[in-house]
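*Asks:* I have a structure here, written as C-alpha cells, and I will follow up with some questions on it.
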Amino acid sequence: MTEERLQKVIAEAGIASRRAAEKLITAGRVKVDGHVVTKLGIKVTTFSNITVDDEPIERESLHTYLFYKPRGIISSAKDDKKRKTVTDYFSALPYRLYPIGRLDYDTSGALLMTNDGELANLLMHPKNEVAKVYVAKIKGHLAPDEIHQLATCVTFDGFHSRPARVKIIRSDPKKKIQIVQLIIHEGHYHQVKRMFETVGHDVEKLAREQYAFLTLEGLISGEWRELSHEEVEKLKRL
Ligand code: URA
C-alpha cells in the first residue's frame with residue numbers, strides 16, 4: 001500500500017503548500033483517524049482519514065496510464081509554443097497527470113503518465129532506472145567495434161553510458177540504413193540519439209517499444225490504457 005507523508009498529502013489535496021501544511025500540523029489543526037497529529041513526517045495511507053480543522057480533506061485517487069505517444073507531441077505538461085502535449089490526450093480525466101521521464105518531440109512509444117508522485121520518483125531515481133527498449137533507424141551500418149562501444153560505454157558531454165544491449169534487427173544495404181534495438185537503463189537527455197551519434201551514426205527515427213515489462217501491445221499511436229493495481233505494484237518492486 002502506498003504510504004506518503006502527511007504534509008505532502010495535505011498539500012496535494014490543494015489545501016495549502018507543503019510548508020503551510022507543516023504549520024497546520026504543528027499547530028494541532030490536523031487529525032489522522034480522529035487523533036490530533038502534531039509531529040511532522042508521519043506517514044499516511046490512502047485509507048487514512050485526514051481532517052484539517054475537522055473538515056475531511058479530499059484525496060485524489062492515484063492513477064497510472066501507459067500511453068502510446070505519437071511523434072510530434074511534446075512530453076512536458078505545458079509548451080511555450082502552444083504545441084500539442086501528452087497531457088492533452090488525458091484532458092477528459094479529472095486528474096493532474098505528469099509523464100514519468102520524457103520522450104523527444106519526434107520519438108514515439110511507451111510513456112507512463114501518472115498522478116502518483118511516489119511511483120514517479122521511484123522510477124526516475126537513477127538507482128532504480130528500469131529497462132527501456134528502443135528501436136532506432138540509423139544511417140549507415142554499425143561496425144563491430146561500434147557495437148562493442150555502445151554495449152560497454154559511450155562518452156558524450158562528460159556523460160558515460162552504462163552497459164547496454166545492442167541487437168541488429170535489419171540491415172538495408174541499398175538504403176544504407178539499419179534498424180537497431182538498444183536496451184538501456186538510464187534516461188539521460190537525448191541519450192539514445194547521442195549514443196548513436198557519438199559512434200558515428202545519425203538516428204533517423206526512434207521509438208520506445210517497451211518500458212520495464214510494459215509493451216505497447218493492444219495500443220495504437222495516441223491510445224492509452226490504465227495500469228492495473230498489480231502492474232503498478234510490480235513497477236514499485238522493480
Ligand atoms: N533517447 C533519445 O535520444 N530520445 C528519446 O526520446 C528517448 C531516449
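The values are calculated or read from the model by the stated rules, or taken from the named source; none is laboratory data. Since this is a predicted model, take the numbers as computed values, not measurements. Methodologically, a virtual Cβ is constructed for each residue, glycine included, from the backbone with ideal geometry; neighbour enumeration extends over all protein chains shown. Heads up: the accessible areas ignore ligands, DNA and RNA and are worked out on the full protein's heavy atoms, side chains in. Shrake-Rupley method; radii C 1.70, N 1.55, O 1.52, S 1.80 Å.
*Asks:* One-quarter of the Cα convex hull surface for the chain, in nm²?
*Replies:* Values: hull surface 61.6 nm².
Value for the chain: 15.4 nm².
*Asks:* Given the protein chains as shown and a 1.4 Å probe, how many square angstrom of Ser61 are accessible, to the nearest 10?
*Replies:* Around 60 Å² of this residue is reachable by solvent.
*Asks:* Give, as a single signed number, the net charge of other residues whose beta carbon lies under 13 Å from the beta carbon of Asp116, with Lys and Arg counted +1 and Asp and Glu -1. Mind dumping the intermediate values first?
*Replies:* On the way: positive: Lys8, Arg59, Arg96, Lys236; negative: Glu3, Glu4, Glu12, Glu60, Glu118, Glu226, Glu231, Glu233.
Neighbourhood net charge equals -4.
*Asks:* Another one. What does the accessible area of His148 come to, in Å² to the nearest 10, when a probe of 1.4 Å is used?
*Replies:* His148 exposes around 120 Å² with every protein chain in place.
*Asks:* Quick one: net charge around Gln191, please, counting Lys, Arg +1 and Asp, Glu -1 for every other residue with C-beta under 12 Å from its C-beta.
*Replies:* Numbers: positive: Arg102, Lys132, Arg162, Lys193, Arg194, Arg208; negative: Asp104, Glu129, Asp157, Glu186, Glu197.
Surrounding charge for Gln191 is +1.
*Asks:* Considering all projection directions equally, how large on average is the shadow of the alpha-carbon convex hull of the stretch 132-211, in square nanometres? Mind showing how you got there, number by number?
*Replies:* Working: hull surface 18.5 nm².
Its Cα hull, projected and averaged over all orientations, spans 4.6 nm².
*Asks:* Using protein chains only and a probe of 1.4 angstrom, how many square angstrom of Phe90 are accessible, to the nearest 10?
*Replies:* Near enough 10 Å² of accessible area.
*Asks:* With +1 on each Lys and Arg Cβ and -1 on each Asp and Glu Cβ, how big is the dipole of the stretch 27-140 about its Cα centre, in debye rounded to the nearest 20?
*Replies:* Values: 18 positive and 14 negative charges, 145 e Å.
Roughly 700 debye, rounded to the nearest 20.
*Asks:* Sorted by accessible area with a 1.4 angstrom probe, largest first, how do Asp79, Asp116, Asp106 fall? Numbers along the way, then the final one.
*Replies:* Values: Asp79 35, Asp116 5, Asp106 80 Å².
Result of the area sort, largest leading: Asp106, Asp79, Asp116.
*Asks:* Grab the Cα-Cα distance for Asp33 and Asp54, subtract it from 0.36 nm times how many residues apart they are, and report the gain in nm with one decimal.
*Replies:* 6.5 nm
*Asks:* Here's another thing I want to ask about it. At 1.4 Å probe size, put Asp202, Asp54, Asp80 in order of accessible surface, largest to smallest. Can you show the working numbers first?
*Replies:* On the way: Asp202 80, Asp54 100, Asp80 150 Å².
Per-residue accessible area, sorted high to low, gives Asp80, Asp54, Asp202.
*Asks:* While we're here: Counting Lys and Arg as +1 and Asp and Glu as -1, each charge on the Cβ, what is the dipole of the chain about the Cα centre in debye, to the nearest 20?
*Replies:* On the way: 38 positive and 33 negative charges, 143 e Å.
Dipole size: approximately 680 debye.
*Asks:* What per residue convex hull volume, in Å³, comes out for the stretch 3-56 when only alpha-carbon positions are used?
*Replies:* Here the figure is 63 Å³ per residue.
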